[in-house]
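Engineer: Have a look at this one before I ask anything.
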Amino acid sequence: MHFDLADLRLFIHIAESPSLTQGAKRAFLSPAAASARIKALEGQLGSRLLYRDNRGVELTPAGQRLLQHARLIMRQVEYLKGDFTEHGADQGGHIRIFANTTAVTEFLPEVLAGFLGARPGVTVDLQERLNRDIVRGVLDGSSDLGIIAGPVVAPGLQAIHFSTDRLVLGVPVGHPLSQRAAVTLRDTLEYPHVGLHEGSTLQTFLRDQVERMGASLQLRIQVSSFEAICRMIETGVGIGVIPESAALRHSRTMQLSMVKLDEPWALRERSLLVRDLDSLPGCVRALIDTLRNHPSQAASSS
């Protein structure tokens, strides 16, 4: 059985597009040419790969399986190209990262700035995702590297611990809870909260915890960053659950108090997820080493 890399790339484009026409456009082919290539691929595999209707395309179960294999194959081709660039084994290549909210907004910008500044041949695609989507993305080859916090349930993946952080409650100076040595999440529910935007990893996690208690979270406002949360807390808009690393950083310039969260999940282990560390290209392994040894991660673990 012979597979043409161009056909696999075309199939990925179509699977990730709303229609065959859009997928064909991404592959610089006419819709008719793209359709003929997909039909030939289906004939070679002896399986239907796509359902087509007026709304677009949908993958069949066989198509889902092919998409997973096709992504892995094309990622390996990219790895091969990266290892033979003129920049050297770890100086060139493209890295796709799926990461949680804290990673995307707090420490990755600083880490990546130094990493990319020293490697002009490396490019990065960084996407914020929920933990379950991060795991799925690394498993199916959509992502080279996943960054999550909390317990890891990822059969088939390697989890590399690289730092520890804690969730704390941020409150305005003089707030009734500011005098407490520690509080539970339930203790906070009678007060309005400031939260992250809908769909963020932390906000989804907190909502799940509250729902397990049969309660509800009084969200007064949702914002896009931990800095914005701290600004809202400082001015008395509400209280908020945030990573201790973010709270410590923003408390240097803002007036807010931190209260310990007495919850088993408040201490969060940060992990890097990969399919196979040894098979990753040099640039990805170099980024993993950078993350594990970066001063900001050592500080968050203390």
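Engineer: For ARG166, enumerate residues with amide H under 5 Å from its amide H, sequence gap 5+ or separate chain, H modeled in the peptide plane.
Structural biologist: GLU244, SER245, ARG268
Engineer: In percent, how large is the relative contact order of the stretch 165-267, given Cα pairs closer than 8 Å and 6 or more residues apart?
Structural biologist: Averaging sequence separation for qualifying contacts and normalising by length gives 51 percent for the stretch 165-267.
Engineer: Amide H neighbours of HIS94 under 5 Å, counting only residues 5+ apart in sequence or on other chains, H built in-plane at 1.01 Å?
Structural biologist: Here the answer is THR123, since their amide H atoms fall under 5 Å of that of HIS94.
Engineer: I would also like to ask the following. Using label points projected 7 Å from each Cα along Cα→Cβ, tell me how many nm separate GLN255 and SER30, to one decimal.
Structural biologist: Those two pseudo-labels are separated by 7.1 nm.
Engineer: Shifting gears a bit: ³J(HN,Hα) across the stretch 93-98 via Karplus (A = 6.51, B = -1.76, C = 1.60, θ = phi - 60°), whole Hz, x for Gly/Pro?
Structural biologist: Per residue, the Karplus-derived 3J(HN,Hα) values read x, 10, 10, 9, 10, 9 Hz.
Engineer: A follow-up question, please. What percent do you get for the relative contact order of the stretch 5-80 when only Cα pairs under 8 Å and 6+ apart count?
Structural biologist: Relative CO of the stretch 5-80 lands at 30 percent.
Engineer: Could you give the length gained on full extension between GLN44 and PHE3, defined as 0.36 nm per residue of separation minus the Cα-Cα distance, in nm?
Structural biologist: Full-extension gain reported as 13.9 nm.
Engineer: Please provide three numbers in whole Å: the alpha-carbon extents of the stretch 1-49 along the principal axes, with the largest listed first.
Structural biologist: Cα spread of the stretch 1-49 along its principal axes, largest to smallest: 27, 19, 18 Å.
Engineer: For the stretch 199-207, just list the computed ³J(HN,Hα) in residue order, Karplus coefficients 6.51, -1.76 and 1.60, θ = phi - 60°, integers in Hz, with x standing in for Gly and Pro.
Structural biologist: Each residue's phi maps through the Karplus curve to give x, 5, 4, 5, 5, 5, 4, 5, 4 Hz.
Engineer: Okay, moving on. Over the chain, what is the percentage of antiparallel beta bridges among all DSSP beta bridges, to the nearest 5?
Structural biologist: Around 60 percent of the beta bridges assigned by DSSP in the chain are antiparallel ones.
Engineer: In percent, how large is the relative contact order of the chain, given Cα pairs closer than 8 Å and 6 or more residues apart?
Structural biologist: In percent, rounded to a whole number, it is 21.
Engineer: Test of understanding: what is the full-extension gain from ARG132 to ARG55, defined as 0.36 nm times their sequence separation minus their Cα-Cα distance?
Structural biologist: Values: separation 77, 0.36 × 77 = 27.72 nm, distance 2.77 nm.
Taking ARG132 through ARG55 to full extension adds about 24.9 nm, to one decimal.
Engineer: Please figure out what share of the DSSP beta bridges in the stretch 165-267 is antiparallel and state it in percent, rounded to the nearest 5.
Structural biologist: Of the beta bridges lying entirely in the stretch 165-267, close to 60 percent run antiparallel.
Engineer: If you take the beta carbon distance between VAL173 and ARG292 as r and set R0 to 35 Å, what does 1/(1 + (r/R0)^6) give as a FRET efficiency, to the nearest 0.05?
Structural biologist: On the way: r = 36 Å, r/R0 = 1.04.
Computed FRET efficiency for VAL173 and ARG292 comes out at 0.45.
Engineer: Pull up all non-local amide H partners of SER143: gap of 5 or more, or a different chain, and H-to-H distance under 5 Å with H placed in the peptide plane.
Structural biologist: Sorted by chain and number, the residues that satisfy this are VAL138.
Engineer: Report the rotationally averaged projected area of the stretch 5-80 based on its alpha-carbon convex hull, in square nanometres. Mind showing how you got there, number by number?
Structural biologist: Values: hull surface 18.7 nm².
Mean orientational projected area (the stretch 5-80, Cα hull): 4.7 nm².
Engineer: Along its principal axes, what span do the Cα atoms of the stretch 165-267 show, with the longest given first and each in whole Å?
Structural biologist: On the principal axes, the stretch 165-267 reaches 35, 29, 25 Å in Cα extent.
Engineer: I need the fraction of alpha carbon pairs in the chain separated by more than 38 Å, rounded to a whole percent.
Structural biologist: Numbers: 12287 of 45451 pairs.
Counting pairs separated by more than 38 Å, the tail of P(r) holds 27 percent.
Engineer: Continuing with this model, one more query. Across 5 Å bins from the origin, how do the percents of Cα pairs in the stretch 90-161 run, short distances first?
Structural biologist: 3, 16, 26, 24, 18, 10, 3
Engineer: May I ask you to evaluate 6.51 cos²θ - 1.76 cosθ + 1.60, the Karplus curve with θ = phi - 60°, for each residue of the stretch 29-34 and list the ³J(HN,Hα) values in order in whole Hz, giving x for glycine and proline?
Structural biologist: 10, 6, x, 5, 5, 5
Laboratory data are not the source of any read-out in this text; all were calculated from the coordinates shown. Note that the structure is a prediction, hence the values are computed from the model and not measured. Quick reminder, even Gly has a Cβ in these numbers, built from the backbone with ideal geometry, and neighbours come from all protein chains shown.
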